[in-house]
Amino acid sequence: MPSSNTSYGSTRRQWLQSTAALAGLMLSGVAPASSQPLQITDLRGRTVRLPKPAQRMVLGATDDFVLLSMLDKQPARNVVAWNKWRLDAQSLLMLRGPDTKAFDHMAQLAIDGPQSLHAESLIALEPDLIVLDAFYAKATQTVARLEKAGIPVAVLEINPDLRQPQPTQGLIQFGILTGHEARAREVASFIEQRVHRIREGVQRLKSRGAPEPLVLMEPHAGSAPCCLSMGNGKNLGDMVRMAGGRLMGGELIAGMAGTLSTEYVIDQDPEIYIGTGGGHLKARNGLLLGPGVSTSQAHSSLQHVIQRTGLSHTRAIRNRRVHGIWHGGLGIVNLECIASWLHPEEFADVRPQATLDALNQRFLAFPWQGTFWTSLQATAAPLP
């Protein structure tokens, strides 16, 4: 029969082994499993509870899958359906990544608004979590039916809204529900540090009384005669304001975008032109940017776009303050691009390429490869 000292030694060894294992988990950034349910309060003030991290998700917004790919190295494995609305073939190829089998098993939702969100088709997927942004959550009857069927619905803005005081709150909540809270907080810190740098720079500009350059931002550039313009709302146009610029047409266009007459564009004479583009504009000879687009393709398409009547008469074109940006790009990278174009001296230390490289190396499950912004050579002689 073992002595009490032997029993004590065995128990102590077991305790030390357990403590060492727990410390190892903490040092590696992996939290021990918890039996506590996961809980958040969503944008509508509703409490959303899950007994464990979601394993059969439906993602209502296209960008949600991109953010998930920053949290999970195999983002498709726990997604049963997602909304790929308006993604071109090259973007889909990039998002597919190496995990093609899991990606191809995700159902592709054909939803372009609250009216096309159908409870029956979603219930049939047997999800354990449906994530909707505020736009799709307007389908209140559908959401009520889903919850009545026992399916948790979280209304979240996962893609950081950089204008907000807490831009990454939805991303962190998404990390909680998916079991990636620590990772989500790391991504959030990365983004918020860079947003803060832009905000501080703009405050310095304002304190010095620096002028705000007038910017024409044309969505889907080259797809129509001059000129469609960004308006008020949650879009790239708001980043012009965040970066210390004035959005041309912003006071006239209440929605996401609207048309400005050629005469108005010439009369206002914007200092800077920024077009947004993507692979979807190839057939219309528009601005080409995004996955699979070469630097030469992007540059030549930008040169083609600015030759339209109206644009060529502006000082932005004459002074070569002309830029293009991918319509589907990462928010923080887009903001850094716009800030460096509007105020190159103030934001000389802001390097969007370094930010994209860091996102590729540290967070994204698969690298983003392509051309996501382009500019005319600002140091070249002004155009006649």
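The values are calculated or read from the model by the stated rules, or taken from the named source; none is laboratory data. As the structure is a computational prediction, the values presented were derived from the model and not from experiment. Here the Cβ positions follow ideal geometry from the backbone for every residue, glycine too, while neighbour counts run over all protein chains shown. Ligands, DNA and RNA are excluded from the accessible area calculation, which covers all protein heavy atoms including side chains. Shrake-Rupley method; radii C 1.70, N 1.55, O 1.52, S 1.80 Å.
Identify which of GLY113, GLY292, GLY97 has the largest mean-square fluctuation in a Gaussian network model of the chain, with springs joining Cα atoms closer than 10 Å.
For the chain, modelled as a Gaussian network with Cα springs under 10 Å, the answer is GLY113.
Which of the GluC sites (Glu not before Pro) found in the stretch 196-299 are in a DSSP loop and have at most 10 neighbouring Cβ atoms, other than their own, within 10 Å?
GLU251
Comparing ALA298, ALA243, ALA102, which has the greatest mean-square fluctuation in the GNM of the chain with Cα pairs linked when under 10 Å apart?
ALA102
Can you tell me the accessible area per residue over the stretch 131-233, all protein chains present, probe 1.4 angstrom, in square angstrom? Present the calculation step by step, with values, prior to reporting the outcome.
On the way: 4480 Å² over 103 residues.
Per residue, the stretch 131-233 has 44 Å² of solvent-accessible surface.
What residues of the stretch 313-345 lie in the reach of a label at SER300, counting those whose backbone N is under 20 Å from a point 7 Å from the Cα along Cα→Cβ?
Inside the label zone: 323-326.
Which far-off residues, 5 or more places away or on another chain, put their amide H under 5 Å from the one on GLY370, with H placed in the peptide plane?
Residues meeting the criterion, in which the H sits 1.01 Å from N, are GLY292.
Report the Cys residues of the chain lacking a disulfide-compatible partner, meaning no second Cys Cβ under 4.7 Å from their Cβ.
Flagged as lacking a Cys partner: CYS337.
Counting heavy atoms of the protein chains only and a 1.4 Å probe, report the per residue accessible area for the stretch 70-112 as a whole number of Å².
On a per-residue basis, the stretch 70-112 sits at 53 Å².
Restricting attention to the stretch 119-196, which chymotrypsin sites (Phe, Trp or Tyr not before Pro) occupy a DSSP loop and are surrounded by at most 15 other Cβ atoms within 10 Å?
On the way: sites: PHE135, TYR136, PHE174, PHE190; in loops: PHE135.
Those satisfying the criteria are PHE135.
How much of the DSSP bridge set in the chain is antiparallel, in percent, rounded to the nearest 5?
Numbers: 12 of 35 bridges.
Around 35 percent antiparallel, to the nearest 5.
Which lysines have a Cα less than 24 Å from the Cα of LYS148, not counting those fewer than 8 places away in the same chain?
Those lysines meeting the cut-off are LYS52, LYS138.
Starting from 0.36 nm per residue, how many nanometres of slack lie between ASP349 and ALA149 once their C-alpha separation is accounted for? Walk me through the numbers before you get to the answer.
Details: separation 200, 0.36 × 200 = 72.00 nm, distance 5.23 nm.
Full extension of this stretch gives 66.8 nm more.
Kindly write out, for the stretch 73-85 in residue order, the coupling ³J(HN,Hα) from the Karplus curve 6.51 cos²θ - 1.76 cosθ + 1.60 (θ = phi - 60°), rounded to whole Hz, with x marking Gly and Pro.
So the J values, rounded to whole Hz, are 5, 10, x, 7, 5, 10, 10, 9, 7, 8, 9, 9, 3.
Taking every DSSP beta bridge with both residues inside the stretch 33-142, roughly what % is antiparallel (nearest 5)?
On the way: 4 of 13 bridges.
Expressed as a percentage, antiparallel bridges in the stretch 33-142 total about 30.
Given a 1.4 Å probe and every protein chain left where it sits, what share in percent of the accessible area of the chain is carbon and sulfur? Before the final figure, lay out each step's value.
Details: 9890 of 18780 Å².
In the chain, the share of accessible area belonging to carbon and sulfur is 53 percent.
Each residue of the stretch 168-173 in turn: what ³J(HN,Hα) in whole Hz from Karplus with 6.51, -1.76, 1.60 and θ = phi - 60°, glycine and Pro shown as x?
Using θ = phi - 60°, the values come out as 10, 4, x, 5, 5, 5 Hz.
Give, rounded to the nearest 20 debye, the magnitude of the charge dipole that the chain has about its Cα centre when Lys and Arg contribute +1 at Cβ and Asp and Glu contribute -1 at Cβ. Before the final figure, lay out the partial values.
Working: 37 positive and 32 negative charges, 131 e Å.
So the dipole magnitude of the chain works out to roughly 640 debye.
Give me the lysines in straight-line cross-link reach of LYS282: C-alpha distance below 22 Å, same-chain residues under 8 apart excluded.
Candidates past the 8-residue exclusion: LYS84.
When a/c is below 1.5 the answer is rounded, else prolate if a/b is larger than b/c, else oblate, so apply that to the stretch 184-252 with a ≥ b ≥ c taken from the square roots of the Cα gyration tensor eigenvalues.
On the way: a/c = 3.12, a/b = 1.41, b/c = 2.22.
Note, shape of the stretch 184-252 comes out oblate.
At a Förster distance of 25 Å, what's the computed FRET efficiency of ASP99 paired with GLN39, Cβ-Cβ distance as r, to 0.05?
Details: r = 29 Å, r/R0 = 1.17.
So the FRET efficiency works out to roughly 0.30.
Can you give me the Cα centroid spacing of the stretch 307-353 and the stretch 230-253 in angstrom?
14 Å
Based on the alpha-carbon gyration tensor of the stretch 159-311 and its eigenvalue square roots a ≥ b ≥ c, which shape applies: rounded if a/c is under 1.5, prolate if not and a/b is larger than b/c, or oblate?
On the way: a/c = 2.19, a/b = 1.43, b/c = 1.53.
It is oblate, given that a/c is not under 1.5 and a/b is not larger than b/c.
Near LYS206, which lysines are there with a Cα under 27 Å away, not counting those fewer than 8 places off in the same chain?
Straight-distance partners of LYS206: LYS234.
Under 5 Å between amide H atoms, partner at least 5 residues away or on a different chain: which partners does ARG77 have, H built in plane at 1.01 Å?
Amide H to amide H, under 5 Å and 5 or more residues apart or across chains, ARG77 pairs with nothing.
What does the accessible area per residue of the stretch 306-368 come to in Å², with a 1.4 Å probe and no ligands, DNA or RNA counted? Present the calculation step by step, with values, prior to reporting the outcome.
Values: 2400 Å² over 63 residues.
Heavy-atom SASA per residue in the stretch 306-368 reads 38 Å².
Along the Cα→Cβ direction, 7 angstrom out, place labels at ASN360 and GLN74. What is the inter-label distance in nm?
So the two model labels end up 2.5 nm from each other.
Once label points are set 7 Å from the Cα along Cα→Cβ at both ARG204 and ALA89, what is their separation, rounded to one decimal in nm?
Placing both labels 7 Å along Cα→Cβ, they lie 4.7 nm apart.
At a Förster distance of 35 Å, what's the computed FRET efficiency of ALA110 paired with GLN55, Cβ-Cβ distance as r, to 0.05?
Working: r = 24 Å, r/R0 = 0.68.
Calculated transfer efficiency: 0.90.
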